[in-house]
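Chemist: Handing you this structure, nothing more for now.
The values are calculated or read from the model by the stated rules, or taken from the named source; none is laboratory data. These numbers come from a predicted model, not from an experiment. As a convention, Cβ positions derive from the backbone with ideal geometry for all residues, glycine included, and neighbour counts pool all protein chains shown. Keep in mind that these areas ignore ligands, DNA and RNA; they rest on the heavy atoms of the full protein, side chains included. Shrake-Rupley method; radii C 1.70, N 1.55, O 1.52, S 1.80 Å.
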Amino acid sequence: MSQPRTLFEKVWERHLVAPQTDESPAVLYIDLHLVHEVTSPQAFATLRERGLKVRRPDCTLGTMDHSTPTTPLDIPIMDAQAAAQIEQMKRNCAEFGIPLYALGSEYQGIVHVIGPERGLTQPGMTIVCGDSHTSTHGAFGALAFGIGTSEVAHVLATQCLLQYKPKTMAVRVEGALRLGVSAKDIILALIAKIGVGGGTGYVFEYCGSAIRALSMEERMTICNMSIEGGARAGMIAPDETTFAYLEGRPFAPKGEAWERAVADWRTLPTDDGATFDAEVYIDANALEPMITYGTNPGMGMPIRGTIPDPDSISDPSQRETLIKALKYMDLQPNTPLLGHKIDVVFLGSCTNSRISDLRAAAALLKGRKIAPNVRMLVVPGSQQVKRQAEAEGLHEIFKAAGAEWREAGCSMCIAMNGDQLQPGEYAVSTSNRNFEGRQGKGGRTFLASPLTAVASAINGCVSDPRELLEPVVSL
Amino acid sequence: MPEPIRPFSSRFVALPIENIDTDQIIPARFLKTTSAEGLGAALFYDWRYDANGAPRSDFILNQPQAQGARILVAGHNFGAGSSREHAVWALMGFGFRAVISTYFADIFRNNALKNGLLPIQVDAETHRQLFSLAQEAPDSQLYVDLEAQQLVLPDGRAVTFPIDPFARRCLLDGVDQLGYLLNMADRIAAYEATHPQRVNTLSA
């Protein structure tokens, strides 16, 4: 009997072109390389300078999402630099033979939305992209992580990466989520617990009854933010939920190949007795909707909590960090965030822009209006999500409530495409980063779930979604 | 291809802030470029310049001792967040050749080592000492020796730092990591011959 292994170890070992030694990292084969316009141009330039080809254009897919506007597609791109970058992406993909979901394509969208929805993301694969939220794809039991542009060039040219084997951390989430608490709240609670550096050097495996109960889209929300806890990758063992999601998608195996694939995928989950280098536990029963108050995703708390007091922190460096964050956010210690006035609500990003996110938001918004002082942007993750939402009439609910219904892209998560906060504005955002200026220079971000975002949009201030979900709330 | 790294001495700049993310190192709006050149001007842009684009005199990079400094000493967990290699290009564009912290975000460290920016990991005590030194003797010089994996403080104390041995060899010898991978073409082909392709992006 072989040594019990984790899901990560099984996927890692399957992809070793050369093992790690004392002198050199492992050479890891990459099954799928996703490419977008912002982190690839310099990599293509490297290939050109050295006269190299893309080794496997048939294992590579391009999309455009970061610098693309989310205004109607017939409006020309006003930002000359963004337009040039988008044009360069088209030229690069054409020259090197890489399929591209360009702006205007029916499949264009955020790179971490389109991979899964097209069935490209499958259990047991290695997937990389020049984007830290590549961890999203780990929801399928793939080993998926973000890389830099030098590494993008490595994968384009060789389909391989030089990698040291990371450590593993089990993130065990047991119990059942209560009404109004969602996958986003699980991951925000985890990061609040371990901090933004807590997962550095690790690959997470999320497990436990609360994880098993989640849909694929909820699992993607969780794996997506692994990087916000410092882990390059987060994985979830494939199961019937995974297979049901994948079956019939365009790139999923068909017929006998499907049967063989599923049989193989059933061997991937972590073996009984396999050990992790670290373990952390979250009690799902006790979770509440979470919100961040500071300038990194680890500065989070239950929505009815109070902002921590720097004076209560003994470590001087941590104390200074909190003081700086609260100054940027213009918030006072020991006060609640609930009821804090907001200017913008952003529903979108690779964390929370999938059809189930839009459905949950629309269900809460139906028959209601957003507050007159609030601007709400609803940005579907892909053109396919947009079409599906429109087929279900969700866009009409958003528009009737006073929200903007926009084209697919990263939008206000990264604020390099025209969608951004003005200095001093407060936003409740379903995205993944509340860093200073992340959503626009001087803008201030409260990260939360789609339900919390919608409740806050309706009330014009930070709000607990449970008050709208239940007629009588006993808290 | 980065230049081989030789030992060097330099003044240093201290930025005692924890969890400095790559959005601070270079804000996303500067990522619409298709080049790696010229990004030093955007380094820490929103900390360095006020709303009107004027340099903020209270920010360390705008002060005289930062000019010509090749070493940045930053708070715990430097380089968190986005994978943007532009963060490394911006730091190097400004003139930095090493960043010292207690630990680094994984993607940032990889990006740094690919470009010849040394991520020097030190213990908490040395870290504290460097921040004290920055206040007491801001013109102090540090000496960095990659071959010996040593950081030498002004008092002569040598601190050994860990570094991935492969990256170290590459940086000392000017070995190109992409070239190393390209030389493995036979092994890559052998792997491909025995492992069926998982998805064909050109097929649908």
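Chemist: Cα gyration tensor of the stretch A:358-452, axes a ≥ b ≥ c as square roots of the eigenvalues: rounded (a/c below 1.5), prolate (a/b > b/c) or oblate?
Modeler: Prolate, since a/c reaches 1.5 and a/b exceeds b/c.
Chemist: Next question, about the same structure. What is the antiparallel percent of DSSP beta bridges lying wholly in chain B, to the nearest 5?
Modeler: Percent antiparallel among DSSP bridges in chain B is about 45.
Chemist: If you take the charge dipole of the stretch A:368-475 about its Cα centre, with +1 on Lys and Arg Cβ and -1 on Asp and Glu Cβ, which of A:400, A:424, A:451 is farthest toward its positive end?
Modeler: Of the listed residues, the answer is A:424.
Chemist: Related question: Quick one: pull the percent of accessible area on the stretch A:4-79 belonging to carbon and sulfur, 1.4 Å probe, ligands and nucleic acids left out.
Modeler: 53
Chemist: Could you give each residue of the stretch B:68-83 its phi-based ³J(HN,Hα) in whole Hz, using Karplus coefficients 6.51, -1.76, 1.60 with θ = phi - 60°, and x for Gly or Pro?
Modeler: x, 5, 10, 10, 10, 10, 10, x, 3, 6, 7, x, 5, x, 4, 7
Chemist: According to the Cα gyration tensor, what semi-axes, each the square root of 5 times an eigenvalue, does the equivalent ellipsoid of the stretch B:1-60 have, listed from largest to smallest in whole Å?
Modeler: For the stretch B:1-60, the ellipsoid semi-axes come out as 23, 19, 12 Å.
Chemist: Enter the mean projected area of the convex hull around the alpha-carbon atoms of the stretch A:1-136, in nm², rounded to one decimal.
Modeler: 10.8
Chemist: Put +1 on the Cβ of every Lys and Arg and -1 on every Asp and Glu Cβ in the stretch A:264-390; which of A:349, A:317, A:385 then has its Cα farthest towards the positive end of the dipole?
Modeler: A:385
Chemist: Let me ask another. So if the hydrodynamic radius of chain B is defined as the Kirkwood radius over C-alpha pairs, what does Stokes-Einstein give as its diffusion coefficient at 25 °C and 0.890 mPa s, in µm² per second?
Modeler: Approximately 133 µm²/s, per Stokes-Einstein.
Chemist: Which cross-chain or sequence-distant (5 or more) residues have an amide H under 5 Å from the amide H of residue A:100, H modelled 1.01 Å from N in plane?
Modeler: Residues meeting the criterion, in which the H sits 1.01 Å from N, are A:62.
Chemist: From the convex hull of the Cα coordinates of the stretch B:71-167, what is the mean projected area in square nanometres?
Modeler: 6.0
Chemist: Using Stokes-Einstein with the Kirkwood hydrodynamic radius over Cα pairs, what translational diffusion coefficient do you get for the stretch A:232-348 at 25 °C and a viscosity of 0.890 mPa s, in µm²/s rounded to a whole number?
Modeler: The estimated diffusion coefficient comes to 129 µm²/s.
Chemist: I've got another one for you. Quick one: 3J(HN,Hα) in Hz for the stretch A:193-202, Karplus 6.51/-1.76/1.60 with θ = phi - 60°, rounded, Gly and Pro as x.
Modeler: Once θ is set to phi - 60°, the couplings for the stretch A:193-202 become 6, 9, x, 6, x, x, x, 4, x, 10 Hz.
Chemist: If you rank A:10, A:341 by how much accessible surface each has, with a 1.4 Å probe, what is the order from largest down?
Modeler: The residues order as A:341, A:10, largest area first.
Chemist: Here's a follow-up. Check cross-link reach from residue A:167 to the lysines: straight Cα distance under 23 Å, and skip same-chain residues fewer than eight apart.
Modeler: Residue A:167 reaches A:10, A:193, B:114.
Chemist: Over the whole of A:99-105, what's the average partner chain Cβ count within 10 Å per residue? Rounded to a whole number, please.
Modeler: What the average comes to for A:99-105 is 1.
Chemist: Considering only C-alpha atoms, what is the centroid distance from the stretch B:117-172 to the stretch A:383-420, in Å?
Modeler: So the separation of the two Cα centres works out to 49 Å.
Chemist: Across peptide A:124-132, how many C-beta atoms of other chains are within 10 Å of each residue C-beta, on average?
Modeler: If you average over the peptide's residues, the count of other-chain Cβ atoms is 3.
Chemist: Hey, got the Cα dimensions of the stretch A:97-202 along the principal axes, in Å, largest first?
Modeler: So the extents along the principal axes, rounded to whole Å, are 48, 37, 23.
Chemist: Return the long-range amide H neighbours of residue A:404 (sequence gap of 5 or more, or a different chain), with a cut-off of under 5 Å between placed amide H atoms.
Modeler: Under 5 Å from the amide H of residue A:404: A:376, A:377, A:378.
Chemist: Run the accessible area of the stretch A:228-311 with a 1.4 Å probe and give the carbon-and-sulfur part as a rounded percent.
Modeler: 48
Chemist: Moving on. Mind listing the Cα extents of the stretch B:6-125 along all three principal axes, in Å, largest one first?
Modeler: For the stretch B:6-125, the Cα spread along each principal axis is 39, 31, 28 Å.
Chemist: How large are Rg and Dmax for the stretch A:147-189 when calculated on the C-alpha trace, in angstrom?
Modeler: In order Rg, Dmax, the Cα atoms of the stretch A:147-189 give 18.1, 49 Å.
Chemist: Now for a different question. Determine, from the Cβ-Cβ distance of residue A:278 and residue A:323 and an R0 of 30 Å, the FRET efficiency 1/(1 + (r/R0)^6), rounded to the nearest 0.05.
Modeler: Efficiency for this residue pair is about 0.50.
Chemist: Amide H of residue A:342 versus every other amide H placed in the peptide plane: which residues, excluding those fewer than 5 positions away on the same chain, fall under 5 Å?
Modeler: Correct list: A:461, A:462.
Chemist: For the stretch A:32-84, state what percent of all Cα-Cα pairs lands in each successive 5 Å bin, counting from 0 Å until the bin that includes the largest distance.
Modeler: Percent of Cα pairs in each bin: 4, 16, 21, 22, 15, 12, 8, 2.
Chemist: Any idea of the total accessible area buried by the A-B contact, 1.4 Å probe, rounded to 100 Å²?
Modeler: 5800
Chemist: What area, in nm² and to one decimal, does the C-alpha convex hull of chain A cast on average over all directions?
Modeler: That works out to 23.5 nm².
Chemist: Taking each residue in A:375-383, count the Cβ atoms of any other chain within 10 Å of its Cβ, then average. What number comes out?
Modeler: 0
Chemist: What order, most packed first, do the peptides A:348-359, B:170-181 have when packing is the mean number of other Cβ atoms within 10 Å of each residue?
Modeler: A:348-359, B:170-181
Chemist: Taking the Cα centre of the stretch A:105-201 as the origin, how large is its charge dipole in debye, to the nearest 20, when only Lys and Arg (+1) and Asp and Glu (-1) carry charge on their Cβ atoms?
Modeler: 380
Chemist: What's the magnitude of the charge dipole for the stretch A:382-447 around its Cα centre, counting Lys and Arg as +1 and Asp and Glu as -1 at the beta-carbon? Answer in Debye, nearest 20.
Modeler: Roughly 220 debye for the stretch A:382-447.
Chemist: Continuing with the same structure: With the crude spin-label approximation of a point 7 Å out along Cα→Cβ, what separation in nm comes out for residue A:88 versus residue A:247?
Modeler: Between residue A:88 and residue A:247, the simple spin-label model gives 4.5 nm.
Chemist: Right, here's the next one. Would you calculate the separation in nanometres between label points at residue B:57 and residue A:422, each defined as 7 Å from the Cα along the Cα-to-beta-carbon direction?
Modeler: 3.1
Chemist: Here's a follow-up. What is the gain in length, in nm to one decimal, between residue A:286 and residue A:469 on full extension, counting 0.36 nm per residue of separation less the C-alpha to C-alpha distance?
Modeler: The residue A:286-residue A:469 span can extend by a further 64.1 nm.
Chemist: So what J values fall out for the stretch A:382-396 if you push phi through Karplus, 6.51 cos²θ - 1.76 cosθ + 1.60 with θ = phi - 60°, rounded to Hz, Gly and Pro as x?
Modeler: 7, 5, 5, 4, 4, 4, 4, 4, 5, 5, 8, x, 5, 4, 5
Chemist: In the stretch A:135-184, what trypsin sites (Lys or Arg not before Pro) fall in a loop by DSSP, with at most 16 other Cβ atoms inside 10 Å?
Modeler: Taking the stretch A:135-184 and a limit of 16 other Cβ atoms within 10 Å, the loop trypsin sites (Lys or Arg not before Pro) found are A:178.
Chemist: Computed over the Cα atoms, what is the radius of gyration of the stretch B:91-138 divided by 2.2 N^0.38 Å, N being its residue count?
Modeler: My calculation over the Cα atoms of the stretch B:91-138 gives 1.25.
Chemist: So, one more: In whole percent, and with a 1.4 Å probe on the protein chains, what portion of the accessible area of the stretch B:83-204 is carbon and sulfur?
Modeler: Within the stretch B:83-204, the accessible surface is 49 percent carbon and sulfur.
Chemist: Additional query: If one puts a single equal scatterer on every Cα of the stretch A:109-149 and applies the Debye formula without solvent, what log₁₀ I(q)/I(0) results at q = 0.14, 0.25 Å⁻¹?
Modeler: Taking Cα atoms of the stretch A:109-149 as identical point scatterers yields -0.24, -0.75.
Chemist: Another one. Points 7 angstrom from Cα along the Cβ direction at residue A:13 and residue B:190: gap in nanometres?
Modeler: 2.0
Chemist: Could you give the distance between the Cα centres of the stretch B:9-23 and the stretch A:176-248, to the whole Å?
Modeler: 32
Chemist: Turning to a different aspect of this structure: Rank-order B:112-118, A:67-73 by packing density, defined as the average count of other C-beta atoms within 10 Å over each peptide's residues, highest first.
Modeler: B:112-118, A:67-73
Chemist: Just to check, using Stokes-Einstein with a Kirkwood Rh over alpha carbon pairs, what's the diffusion coefficient of the stretch B:38-92 at 20 °C and 1.002 mPa s in µm²/s?
Modeler: Calculated translational D: 172 µm²/s.
Chemist: What three numbers, in Å, describe the spread of the alpha carbons of the stretch A:151-292 along their principal axes, ordered from the longest?
Modeler: 44, 34, 31
Chemist: Once you've got the GNM for chain B with C-alpha springs shorter than 10 Å, pick whichever of B:134, B:158, B:185 has the biggest mean-square fluctuation.
Modeler: Looking only at B:134, B:158, B:185, the biggest GNM fluctuation is shown by B:185.
Chemist: Pick out, from A:93, A:80, A:54, the residue whose Cα sits farthest towards the positive end of the charge dipole of the stretch A:47-103, with +1 on the Cβ of Lys and Arg and -1 on the Cβ of Asp and Glu.
Modeler: Going by the charge dipole, the pick is A:54.
Chemist: Any chance you could tell me what percent of the C-alpha pair distances in the stretch A:295-373 go past 17 Å?
Modeler: Summing the P(r) of the stretch A:295-373 above 17 Å gives 62 percent of all pairs.
Chemist: For chain A, what is the charge dipole size about the Cα centre, in debye to the nearest 20, if Lys and Arg each add +1 at the Cβ and Asp and Glu each add -1 at the Cβ?
Modeler: 500
Chemist: Over the Cα atoms, compute the radius of gyration (one decimal) and Dmax (the largest Cα-Cα distance, rounded to a whole number) for the stretch A:184-264, in Å.
Modeler: Here Rg and the maximum Cα pair distance are 14.7, 45 Å.
Chemist: Now a separate question. Working from the pairwise distances between different alpha carbons, so that the mean of 1/r is found and then inverted, what is the stretch A:55-94's Kirkwood radius in Å?
Modeler: Computed over Cα pairs of the stretch A:55-94, the Kirkwood hydrodynamic radius comes out at 11.5 Å.
Chemist: Suppose the Debye formula is applied to equal point scatterers at every Cα of the stretch A:226-286; what is log10 I(q)/I(0) at q = 0.18 Å⁻¹?
Modeler: Calculated log10 I(q)/I(0) at the listed q: -0.88.
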